[in-house]
Ligand SMILES: Cc1ncc(COP(=O)(O)O)c(C=O)c1O
């Protein structure tokens, strides 16, 4: 699973740097385990920016180890000044910075221009392992993932989901000197299903399809996505509804809010959730089911006819909002 891949990255980074803390970010989902699931940013702290348990946390859980947040910092994402300040104080204690390169899990937010590049520089400066969590974006936005698309190379990265076309599979990719810790058996990354033949075969078959004809698959889903997003935007305009559509090829956000772009979960606080719920219900009545919280994925099976049906249905629905 992706959750396991993330845990392995944390262990590898700690072993590699001989440091204890890692940094993760608001709105990002990095698996269901105690040390990465939710928690809210403590904006008031003047000390180590540890996450807090809160009833406002959209992924709060009972049963968590009370010490689970002790060795990680949780920061607002896409805010380079906050990160710089934290690293000035604690940079030498941080093993890992782990983030989604594009924040798909909370609004398909793009990184601000220069943000990832600066994170890369800071990681190099402080000797921190930079990790991109490509469990959603890997193989979905393109064969080289978001890192290829955005031109920023981390030290290590996690992949899952799309990489085996729906068959369970995840992977950790990274610099030889870090992954060698596994080969040298200094770090354990065990699992009954590690390297299981079905997952590997499915992954290879998926990659073959994705590579075919110079990436024709990606061009196809890109076109389908544009048809859908252009259509939704037009319909919103015609009905006088403010909409936000953003995201890379393969995944996008559709929300009712008057914004050109949102760079963080904080910038999406004002979305009209009631309208979204009503829209979702109306679409469902028309036979169209989309994912929660305004997020849409484009699968290779979606046709132009599916898009047209969706847009017709969206038109009827928006006339009732
Ligand atoms: C960015 C990201 N990282 C990690 C995970 C965890 O993966 P899994 O659900 O396979 O454990 C997810 C799952 O949605 C994810 O979106």
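Read-outs throughout are calculated quantities, based only on the coordinates presented, and are distinct from any laboratory measurement. Everything quoted here is computed from the prediction, not taken from an experiment. Reconstructed Cβ throughout: ideal geometry from the backbone, glycine too, with neighbour counts over all protein chains shown.
A few comments on the model shown:
- Degrees between helix 197-238 axis and first principal axis of the chain (Cα, 0 to 90, nearest 10): 50 degrees
- Shape parameters for segment 101-238, alpha-carbon atoms, Rg then Dmax in Å: 17.6, 62
- Choice from 80, 102, 136 with maximal GNM fluctuation in the chain (Cα, 10 Å cutoff): 80
- Kirkwood radius and radius of gyration were both taken over the C-alpha atoms of segment 237-321, and their ratio Rg/Rh is 0.95.
- Distance (nanometres) between label positions extended 7 Å along Cα→Cβ at residue 230 and residue 306: 2.0 nm
- Value in Å of the Kirkwood radius, where the chain supplies the Cα pairs that are averaged: 20.9 Å
- Subtracting the Cα-Cα distance of residue 64 and residue 52 from 0.36 nm times their residue separation leaves 3.1 nm of extension gain.
- DSSP beta bridges confined to segment 2-194 are antiparallel in about 30 percent of cases.
- Note on segment 129-196 and segment 62-118: Cα centroid distance 19 Å, given to the nearest whole angstrom.
- Normalised by the number of residues in segment 213-318, the mean separation of alpha-carbon contacts (under 8 Å, six or more apart) gives a relative contact order of 32 percent.
- log₁₀ of I(q)/I(0) at q = 0.12, 0.20, 0.22, 0.27 Å⁻¹ - segment 207-276, Debye sum with one point per alpha carbon: -0.41, -0.84, -0.94, -1.21
- Estimated from the Cβ-Cβ distance and a Förster radius of 56 angstrom, the FRET efficiency linking residue 239 and residue 186 is about 0.40.
- Share of pairwise Cα separations in segment 169-321, more than 28 Å, in percent: 41 percent
- On full extension, the segment bounded by residue 153 and residue 223 gains 22.5 nm, given 0.36 nm per residue less the C-alpha separation.
- Hydrodynamic radius of segment 127-175 per Kirkwood, over alpha carbon pairs, in Å: 10.8 Å
- The P(r) of segment 73-164 has a tail past 20 Å containing 32 percent of all C-alpha pairs.
- Length released on extending from residue 20 to residue 34, taking residue separation times 0.36 nm less the Cα-Cα span: 3.4 nm
- Model label points for residue 193 and residue 117, set 7 angstrom from Cα along the Cα-to-Cβ axis, are 4.0 nm apart.
- Most tightly packed first, judged by the mean number of other beta-carbon atoms within 10 Å of their residues, the peptides 206-212, 169-175 read 169-175, 206-212.
- Kirkwood radius and radius of gyration were both taken over the C-alpha atoms of segment 1-136, and their ratio Rg/Rh is 0.92.
- Counted over all Cα-Cα pairs of segment 10-53, pairs farther apart than 13 Å make up 60 percent.
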